Amino acid sequence: MVFDISSLNDEQREAVKATDGAVLVIAGAGTGKTKVLTTRIAHIVSSGLCSIDEILAVTFTNKAAKEMLERATILLKEAGICVEIANRPWIGTFHSLALRMIRPLHEKFYRSANFSIVDAGDQLMIVKKIMHDLGCDDKKFPPKSMVFHINRWKDQYQSVESAKKNVQRFSGEEMASKIYIHYQDTLHSLDAIDFGDILMYCLDILKYNADILMGYQNKFKYIMIDEYQDTNLAQYLWIKMLSQGHGNICCVGDDDQAIYSWRGADVGNILKFESNFNGAKIIRLGKNYRSTGNILKTASTLISNNSMRMQKSFWTDEESGLPVVIKTLRNAVEEAQFVASLIANKHKNGTALSEIAILVRAAFQTRAFEERLLAMGVPYTVIGGIRFYERKEVKDAIAYLRLTINPNDGIAFERIVNLPRRGIGSTTMSQFYDVARGQGISIPQAARQVSRKLDDFFRLLDEWSELIDCSKSVKDVMKRILNDSGYISMLKESKNLEDESRLETLDELLSSLDDFSSPTEFLDYVGLVLDHTSSAIQDRVIISTIHSAKGLEYKTIFIPGFEENIIPNQRSVMEKGELGVEEERRLCYVALTRARKEAYITLCEIRNTYGHGGGGGGWSYVKPSRFLQNMPKSSVRIL
């Protein structure tokens, strides 16, 4: 039975029918790439070119892989072909498919058949132990930074030996390269591998065992890769090796949506496709099925300012629709009020809350929106992140304040007594518990009696308490606590990107404290906020980072903070220069193209900043984002 592809547009049909050789399908946002991939699978199998287990189809998430398999199975069923569970299709993520290849070949990398896979927490624990055994200074060389370097080397298919060659002397990379060999030895002794090893070992096996490589090259008649712009070097090499036999490889992606360089993705893989795969055919999907004309025009004109991109054009049969709205507010509070009021009105007029998303560039931006939505009784959920007052750094700061107000708060004490490290481990804590039970006193009281290590800590605690008694503002007290305790220094000295974000979050926490007249009032408020988490309500506004919103769509989206240093992100621009600017512009493109009907861009005139946790700052004027100049006047409306 011939599979019917008449419902596809001309470019989609061309992509489905191009079954010989290397094909790159440039699929812009909303152009139906998943439909093309699943239809292509069904077309190839129903045409008798191969069976479904002779197709290797790869994507980045288990959810996407499951959806691809389900949709392909439905299409094949329509064509009269049943997918047998026993005839397990090779549709999955890079790691799941490579693991399926190497599990039976465990002896090739000196593991048992039941070897374990360590997660990120296990990685950090192993590195910390190695550093302790080597006598490494974990303040100068943060363990998370060492793990980051090791993971990036594996993404680049760099062995211990190759990693050592190009590192700068006396740098964090040089230390990481020394730890790398001990880390690999430890994994071997534990009969374990990590996620990076899955592709590393698979590549090694294919590279040094011609019979195994040929076997897989003969098995997979067709190879398909989704989200190709997000691949790293190791993934590219794996794809290249497996496809070299027949050359029938189809990659689908969009260089304009390459926004994951920070986790190792290399946009060069898609930009250099024609030179990497001889005789490659490029097919561009230009018809957008998602967004209105004005949204599409704004996004397309914006992204056309990038120099590192493949030329393409987009169009839609949708009407022009509403223009993209650009609104400048006085400050973050007014910005949140504007957005929340619009959301409430739209909901009142029939728009489901789940069809509305607030897409932020940085996690610290969410607080003002969370608080305003809470105040208005509008349910929301945060995806790709944690609610503001549930974030670790915020809970740590609150625990410090709780202990300052109530010196007997044992829960708060246990949370922060070793943040930053003060030499208080589980053995010492057990002593505190024993004394507290024996004398019928609180754990902090017991600690005051038992541990001389904490003399300075308790002296600071008493000083902070005096500040409260002197009617110092909540903000002043919190700034003193965060600085005097060493918590801010701990984050600043870390070279982990996550800790940079934590500093921004603490800046935002300090900004919020102007609204409270006493620490008790603030803590009572936080308690009410944390209690406002009913999961029974399904219809909720989405608050998400732009990175986490990729692949999703909503009727209405808001992009707040359209200012220099937020969009584009200051760190990205400082570290990567024009490459960073272009990736930030791609982020804006991704954000805009999440919208089907309405898009709102907001920015402030002033922001309340505190220079990473209380080291200065205050209200300051901010500049509008440079990207506003990239938007066509004909498709936007400035309020």
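Listing for the model above:
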item	result
Distance in nm between pseudo-label sites at A79 and S51 (7 Å out along the Cβ direction from Cα)	1.6
Prolate/oblate/rounded label for the range 313-462 (Cα gyration tensor, a/c 1.5)	prolate
The range 18-46 residues near the modelled S7 label - backbone nitrogen below 19 Å, point 7 Å along Cα→Cβ	30-46
Other-chain or far-sequence residues with amide H under 5 Å of I117's (modelled H)	I193
Inverse of mean 1/r across different Cα pairs in the range 102-233, Kirkwood, Å	16.2
Heavy-atom accessible area per residue - the range 281-368, 1.4 Å, Å²	42
Karplus 3J(HN,Hα) series, Hz, for the range 419-431 with 6.51 cos²θ - 1.76 cosθ + 1.60 (x for Gly, Pro)	10, x, 4, 10, x, 9, x, 5, 5, 5, 4, 4, 4
Global geometry of the range 112-157, whether rounded, prolate or oblate, following the gyration tensor of its Cα atoms and the 1.5 cut on a/c	oblate
Prolate/oblate/rounded call for the range 307-382, Cα gyration tensor, a/c under 1.5 rounded	prolate
Phi to ³J(HN,Hα) by Karplus 6.51 cos²θ - 1.76 cosθ + 1.60 over the range 364-371, Hz, x for Gly, Pro	5, 5, 6, 4, 4, 6, 4, 5
Nonlocal amide H pairs with Y222, under 5 Å, H built at 1.01 Å	L56
Alpha-carbon radius of gyration plus Dmax, which is the widest Cα pair, for the range 191-245 in Å	11.9, 34
Overall Cα dimensions of the range 216-266, principal axis frame, Å, largest first	35, 18, 11
Förster radius 25 Å - calculated FRET efficiency between H132 and S112 (Cβ-Cβ, nearest 0.05)	0.35
Cα-Cα P(r), the range 42-92, percent of pairs per 10 Å interval	26, 60, 13
In degrees, nearest ten, helix 519-531 long axis to first principal axis of the chain (Cα)	30
At q = 0.24, 0.28 Å⁻¹, base-10 log of I(q)/I(0) for the range 345-390 (Debye sum, equal scatterers on each alpha carbon)	-0.96, -1.19
Fraction of accessible area attributable to carbon and sulfur, the range 354-431 (%, probe 1.4 Å)	51
Semi-axes of the equivalent ellipsoid for the range 423-514, Cα gyration tensor, largest first, Å	29, 19, 11
Inter-probe distance in nm under a simple model that places probes 7 Å from Cα toward Cβ, at N62 and Y525	4.0
Q311 paired with D476, simple spin-label distance in nm, labels 7 Å along Cα-to-beta-carbon	6.4
Rg over Rh [alpha-carbon atoms, Kirkwood Rh] for the range 453-604	1.06
CD proxy at 222 nm, helix term only [per DSSP H run n ≥ 4: -39500 (n - 2.57); per residue of the chain; nearest 500]	-15000 deg cm²/dmol
Stretchable slack from E161 to K219, in nm (0.36 nm times residue separation minus alpha-carbon distance)	17.6 nm
Among L233, L460, H149 - extreme Cα towards positive end, dipole of the chain, charges at beta-carbon	L233
Inverse mean reciprocal Cα-Cα distance (Kirkwood Rh) of the range 69-150, Å	16.7
Theoretical FRET efficiency, 1/(1+(r/R0)^6), r = Cβ-Cβ of N345 and E575, R0 41 Å, to 0.05	0.50
Beta bridge orientation in the chain: antiparallel %, DSSP, nearest 5	10
Cut-off under 5 Å, modelled amide H: who pairs with K312 long-range	none
Efficiency of FRET between R169 and D539 - r from beta-carbon atoms, R0 60 angstrom, step 0.05	0.55
Label zone at M490, where the point sits 7 Å out along the Cα-to-Cβ direction: the range 103-143 residues whose backbone N lies under 16 Å	138-143
HN-Hα J in Hz across the range 399-412 - Karplus 6.51, -1.76, 1.60, θ = phi - 60°, x for Gly and Pro	5, 4, 5, 4, 5, 5, 6, 10, x, 9, 6, x, 5, 5
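The values are calculated or read from the model by the stated rules, or taken from the named source; none is laboratory data. Model, not experiment: these values are computed from the prediction. With ideal geometry, Cβ positions are generated from the backbone for all residues, glycine too; neighbour counts draw on all protein chains shown. Keep in mind that these areas ignore ligands, DNA and RNA; they rest on the heavy atoms of the full protein, side chains included. Shrake-Rupley method; radii C 1.70, N 1.55, O 1.52, S 1.80 Å.
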